[in-house]
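Let me begin by presenting the structure, written as structure tokens, before commenting on it.
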Amino acid sequence: MYQAPESRDPYDLRVASRELNGRAPWLNPDHQVPYGHVLHAAALLRCGPAAVVTRLTALGHIDIQLPEAPVPDAVAPDDIPLIRDVSAEYGVSWLDVGKPVPLRQVLEAAGQAGRGPADVARRLTDLGFRPGGGDRSLPGTAHRGDPVLINTDRGGYGRWLDWGDEIRAHQVLSAARELRCSPYAAAVRLMALAIRLPFTPEPTDELLLKSSGEGSAARWLYWEPPLGHVLAVAQELGRPPVEIAARLEELGCVRPVVPETPDADDLTILSEQLNGRGPWLGRNTVVGLSVTHILRAALATGRSPADIAERLAELGHWLHENAKLPAVADAADIRLLATVDRSFLDDVHLEHVLRSASLTGRSPADVAARLTALGHRLPDEVTYPEVRPEVRGSLT
């Protein structure tokens, strides 16, 4: 613990205390006084920083950190949050006036103060600090999400981007996902924050990166765009699907495999509702295609289930090896499969058969036989009754 100054002047006691409250802990006369302490004292005591320096010198502090430029005439209380080092994990630490101010400092201070980054950078310059961006222009409007944009990994393993650094395309998408904003808007904002991108944002990126749908049904695409979306956007813009896929890859998405020659029915069979519009069929890498979707698509297009499955396979989807497609799509099969919540990786047991029988009005024996014919495993060694139960509910 360092001794209090010999002076009993309340002014001197406040200037010499680390918390500027006239009480211990005291500044160490053998250590350098941070410039932030000088500015903080000037703001609290309503005097100029030069007056604070004079008093500290008189109290025996001969090493006082000062900027290369002249100290400002006055410091306001709302200047103090700007000069607290946001990277400090514990306690209060002041920015080092001898080092360039990191971009993170400007953006976090701007967000906390509700001021535009350009305003914060100008004020730090007026106070004697040197923002690392030099004469780079920053946005005049505040945005609390700016620090998220320049953090390459919010999980704790990333780094903070600084002035002029380049961000990877997938990191733009990750930041946009966390902020729940348009990836295009995130890219434009990053450029305004003096961050370099591996691509030039284009207004049409909005269309490429937004799934079809209205209101809450529309969402931003941050990773792997469904093929149906790619084909629909290509059709709307009058551009080749391969060109759309290449642009999505530049923007950080997984590049979808697109057909060389789109088929007239592709948009229909790739849409979940078989209407040629989103939501689009997603790739299931665990259990593969839904047989129900194949059968519904066959009825909607007049094509055979095998033909639909073959075309979807060409479009990047796959059918589980256990699945057995009927030669002709039947609405009764669709109604039956709608009652089964088991994939081809799961066994269908007695209780599942009885439930499906109850919901469809078919006998358990008929249900068991038909599910077996469609490729489902029924391992239970039971004799299913031929009696048809009463239908518990209607299925469409």
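Short version: what are the Cα gyration tensor semi-axes of region 298-396, square root of 5 times each eigenvalue, largest first, in whole Å?
Numbers: eigenvalues 133, 52, 22 Å².
One finds semi-axes of 26, 16, 11 Å for region 298-396.
Placing a label point 7 Å from the Cα of THR261 along the Cα-to-Cβ direction, the residues of region 273-306 whose backbone N falls under 20 Å of that point are 303-304.
Per-atom-type breakdown for region 1-55 gives carbon and sulfur 49% of the accessible area (1.4 Å probe, protein chains only).
Ranking ALA113, SER137, VAL71 by how far each Cα lies toward the positive end of the dipole of region 1-155 (charges on Cβ) leaves ALA113 at the top.
Pull out a ≥ b ≥ c, the square roots of the eigenvalues of the alpha-carbon gyration tensor of region 75-144, then state rounded if a/c is under 1.5, prolate if not and a/b is larger than b/c, and oblate in the remaining case. Don't jump to the answer; show the numbers that get you there.
Values: a/c = 1.44, a/b = 1.19, b/c = 1.21.
Rounded is the answer for region 75-144, as its axis ratio a/c remains below 1.5.
What does the charge dipole of the chain about its Cα centre add up to, to the nearest 20 debye, if the Cβ of each Lys and Arg holds +1 and the Cβ of each Asp and Glu holds -1?
740 debye
Model label sites at ASP380 and THR125, defined 7 Å from Cα along the beta-carbon direction, differ in position by 7.7 nm.
Seen from every direction in turn and averaged, the convex hull around the alpha carbons of region 329-374 projects onto 3.0 nm². Calculated on C-alpha atoms, the gyration radius of region 181-318 divided by its Kirkwood radius gives an Rg/Rh of 1.02. Mean projected area of the Cα convex hull of region 219-294, taken over all directions, amounts to 5.4 nm².
Label sites at ALA76 and ARG8, each approximated as a point 7 angstrom past Cα along Cα to Cβ, lie 3.9 nm apart. Using the Cβ-Cβ distance between ARG219 and GLU310 with R0 set to 35 Å, the FRET efficiency works out to roughly 0.70. As a calculated quantity, the FRET efficiency between SER87 and ARG23 at R0 = 25 Å, using C-beta atoms, amounts to about 0.35. Relative to one another, the C-alpha centroids of region 299-330 and region 22-38 are positioned 77 Å apart.
One decimal place: the segment ASP30-SER343 gains 105.3 nm when fully extended, by the rule 0.36 nm per residue minus the C-alpha distance. Around the amide H of LYS210, modelled in the peptide plane, lie the amide H atoms of LEU221, all under 5 Å away and 5 or more residues distant in sequence or on another chain. Comparing Cα centroids, region 143-191 and region 351-371 end up 53 angstrom apart.
Annotation: amide H-H contacts under 5 Å for SER271 (H modelled 1.01 Å from N, sequence separation of 5 or more, or interchain): GLY276, LEU281.
Remark on VAL33: its backbone amide H falls under 5 Å from those of ASP63, ILE64, GLN65, a criterion applied only to residues 5 or more positions apart or on other chains, H modelled at 1.01 Å from N.
Based on the reciprocal of the average 1/r between different C-alpha atoms, the Kirkwood radius for region 20-163 equals 16.1 Å. Stretching TRP318 away from GLU178 to a fully extended chain increases their span by 47.3 nm, per 0.36 nm per residue minus the current alpha-carbon distance.
Charge tally for ILE308 (other residues, Cβ to Cβ under 10 Å; Lys, Arg +1; Asp, Glu -1): 0.
Computed with the Debye formula from one identical point scatterer per Cα of region 109-253, without solvent, the log10 of I(q)/I(0) at q = 0.17, 0.18, 0.20 Å⁻¹ comes to -0.95, -1.03, -1.19.
Taking every protein chain into account, the 1.4 Å probe leaves LEU197 with about 30 Å² of accessible area, to the nearest ten. What the Cα convex hull of region 1-77 gives, in volume per residue, is 80 Å³. Considering only beta bridges that DSSP places wholly inside the chain, some 50 percent are antiparallel.
Over the chain, dividing the summed -39,500 (n - 2.57) contributions of all DSSP H runs of at least 4 residues by the number of residues returns a 222 nm mean residue ellipticity of -11000 deg cm²/dmol.
Simple point charges give the picture: +1 on the Cβ of Lys and Arg, -1 on the Cβ of Asp and Glu, and for region 67-176 a dipole about the Cα centre of about 280 debye. Peptide packing: for 83-91, 51-59, 119-127, 323-331, the average count of neighbouring Cβ atoms within 10 Å per residue gives the ranking 119-127, 51-59, 323-331, 83-91, highest mean first. Charge tally for HIS349 (other residues, Cβ to Cβ under 14 Å; Lys, Arg +1; Asp, Glu -1): -3. Just so you know, the Cα atoms of the chain work out to an Rg and Dmax of 33.4, 104 Å.
In this structure region 218-313 gives 46 Å² per residue of accessible area when probed at 1.4 Å with all protein chains present.
The values are calculated or read from the model by the stated rules, or taken from the named source; none is laboratory data. Source: prediction; values computed, not measured. Glycine gets a Cβ as well: all are built from the backbone with ideal geometry, and neighbour counts include every protein chain shown. Heavy atoms of the whole protein, side chains included, go into the accessibility calculation; ligands, DNA and RNA do not. Shrake-Rupley method; radii C 1.70, N 1.55, O 1.52, S 1.80 Å.
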